Amino acid sequence: MSLFIISSDWRFKEQFKHHFNQSFLHEFTISHKLLEALDTSSVKPELVIIDERMSKGTQRSILEQLTYQKCKIPILLFSSDETQIDKQFCKNLILHVVQRNGMDFDSLFSYLDRFLGETEGREPKKTYVPCGLIGNSNRMQNLRTDLYRYAKQNCSIHLYGETGTGKELAATYIHRLSYPHRNMISVNCSLLSSSLGNSMFFGHAKGAFTDGKTELPGLVHEANQSTLFLDEVENLSLSFQAYMLRLLENGQYRRLGDTQLHTSRFRLITASNEDLVSLMQANRVRKDFFYRINDVSITLPPLREHLEDIPQLCEHFLLRCKSKKQVDNKGLELLKSYHWPGNVRQLFSTIRRCMINSVEEPAIVVRHDDIYVS
């Protein structure tokens, strides 16, 4: 599933890049490159967006070629003068003309999200979505199964695990299964418990405070029809949790300095490395907030509970680094003998350090000192 867009206006394309996932959006500036991709690429788009501004080509020349090819892909044409479009000539194309001047991108993206969601429903596709959570142990296989199952449900998900266990990878996996064409909005909750954090999260109206010369839509607005990932949710202040209750109940919120209610519908994923039940009992998490964010809770296992995955994790990391070296059997046994308080993140840091120290060696040499560096 993908979307093709051709334009030489970087500001125009930036709007789409900000909204859609990078792997979903295919950009072009030259007409023959777009036509070549449509004709030869194995990736067929759900929609083609043709801007009137482009290098080496015109909208008419593209439409002529697409008519000749009997293109059945829906086309969105952005033009500042609709009278210049010969609709009779393009009658065999699925063509929609949009007024370019004064374009309301929020309304456009809301429409496109619905359109793309309906397309997914009509034509389900078995697309491989890489998880990033490596390992063939029972713990990791069960984890991936749970993530896949709950990604298909309309529920809020809480991810609990020690630092370095891959909570953001798990959130990204759920998001890609739910909203493959959208960007996930990730927020570290440590940054939200301030007036600046409130403004960044909910947005603010023009003139809401000194130097507030422009309107800021806010992260909640950007998460509409997508995933909102709140990392380190245990660091949210009680007052900010209270601000969020209406939003989590019915999707409604107010921007700073604004009297108008806004609405945002999103999949909520939260993550913490502290147990929320214990925090609720210690009055650090509100009960009503806890029940709204915790429809489903998934625990990510620490590395010490699936040490048998270390060889595969090492291989994955070295492939990612494009290194031809390997960790020998003695080194793997040494790695498997440690308890890894920093989990997979600490393991990767250790391998990276061993690679640096083994520049002249044919294989990566693992020493006790490299592992026990804090």
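Can you confirm whether GLY218 is under 22 Å from the mean Cα position of the chain (by Cα) and surrounded by 18 or more Cβ atoms within 10 Å (Cβ to Cβ)? Spelling it out, GLY218 is indeed under 22 Å from the mean Cα position of the chain (by Cα) and surrounded by 18 or more Cβ atoms within 10 Å (Cβ to Cβ).
Here's the yes/no breakdown for (1) at pLDDT 85 or above; (2) charged (D, E, K, R); (3) out of contact with any Leu (no Cβ under 8 Å at 6 or more places or on another chain); (4) open to solvent by 70 Å² or more (accessible area, probe 1.4 Å):
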| position | (1), (2), (3), (4) |
| --- | --- |
| ILE75 | yes, no, no, no |
| PHE78 | yes, no, yes, no |
| LYS87 | no, yes, no, yes |
| GLY102 | no, no, yes, yes |
| PHE109 | no, no, yes, no |
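Of all residues in region 186-195, those that are outside any helix (DSSP H, G or I) and touching a Leu at 6+ places or on another chain (Cβ under 7 Å) total 3. Within region 165-178, the residues that satisfy the criterion of being open to solvent by 10 Å² or more (accessible area, probe 1.4 Å) and touching a Leu at 6+ places or on another chain (Cβ under 9 Å) are THR165, GLY166, LYS167, GLU168, LEU169, TYR173, LEU177. Scanning region 3-22 for residues that are more than 15 Å from the chain's Cα centre (by Cα) and either in a loop (DSSP other than H, G, I, E, B) or among the β-branched types (Val, Ile, Thr) (or both) yields ILE5, ILE6, SER7, SER8, ASP9.
Conditions tested, residue by residue: (1) of a type outside the set (Lys, Arg); (2) closer than 30 Å to ILE185 by Cα; (3) crowded, with 18+ Cβ neighbours inside 10 Å.
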| position | (1), (2), (3) |
| --- | --- |
| PHE24 | yes, yes, yes |
| ILE30 | yes, no, no |
| GLU64 | yes, no, no |
| LYS70 | no, no, no |
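Considering LEU276, LEU307, LEU335, LEU300, the condition of being over 30 Å from SER107 (Cα atoms), at pLDDT 95 or above and open to solvent by less than 40 Å² (accessible area, probe 1.4 Å) is satisfied by LEU300 alone.
Confirm whether PHE290 is surrounded by 18 or more Cβ atoms within 10 Å (Cβ to Cβ) and under 25 Å from HIS175 (Cα atoms). So PHE290 does not fit the description; no. Hey, any hits in region 230-244 for a residue that's in contact with a Ser or Thr (Cβ under 7 Å, 6 or more places away or on another chain), assigned to a strand (DSSP E or B) and closer than 21 Å to PHE109 by Cα? Within region 230-244 (the criterion being in contact with a Ser or Thr (Cβ under 7 Å, 6 or more places away or on another chain), assigned to a strand (DSSP E or B) and closer than 21 Å to PHE109 by Cα), the answer is no, since none of the residues qualifies.
The requirement of being open to solvent by less than 30 Å² (accessible area, probe 1.4 Å), modelled with pLDDT of 90 or more and touching a Cys at 6+ places or on another chain (Cβ under 7 Å) is not satisfied by ILE364.
Filtering GLU162, GLU249 for residues that are more than 14 Å from the chain's Cα centre (by Cα) and buried (at least 17 other Cβ atoms within 10 Å of the Cβ) leaves a single hit, GLU162.
Taking the numbered list (1) more than 23 Å from SER137 (Cα to Cα); (2) in contact (Cβ under 8 Å) with a residue 12 or more places away in the chain in turn, THR259 passes all entries but (2).
Filtering region 220-239 to residues that are within 15 Å of ASN198 (Cβ to Cβ) and touching a helix residue (DSSP H, G or I) at 6+ places or on another chain (Cβ under 7 Å) leaves VAL220, LEU230, ASN235, LEU236. Out of all the residues in region 2-11, is one or more open to solvent by 80 Å² or more (accessible area, probe 1.4 Å), free of Cβ contacts under 8 Å to residues at least 60 places away in the same chain and closer than 22 Å to HIS221 by Cβ? Checking region 2-11: at least one residue is open to solvent by 80 Å² or more (accessible area, probe 1.4 Å), free of Cβ contacts under 8 Å to residues at least 60 places away in the same chain and closer than 22 Å to HIS221 by Cβ.
Of the listed requirements (1) assigned to a helix (DSSP H, G or I); (2) in contact (Cβ under 8 Å) with a residue 12 or more places away in the chain; (3) of a type in the set (S, T, N, Q), SER278 misses just one: (2). Looking only at residues in region 169-185 that are outside any loop (DSSP other than H, G, I, E, B) and more than 8 Å from the chain's Cα centre (by Cα), the one that is farthest from MET140 (Cα to Cα) is SER178.
The values are calculated or read from the model by the stated rules, or taken from the named source; none is laboratory data. All of these numbers come straight from a predicted model, not from anything done at the bench. Don't worry about glycine lacking a Cβ; one is built from the backbone with ideal geometry, like all the others, and counts go over all protein chains shown. The area values use the complete protein model at the heavy-atom level, side chains included, leaving out ligands, DNA and RNA. Shrake-Rupley method; radii C 1.70, N 1.55, O 1.52, S 1.80 Å.
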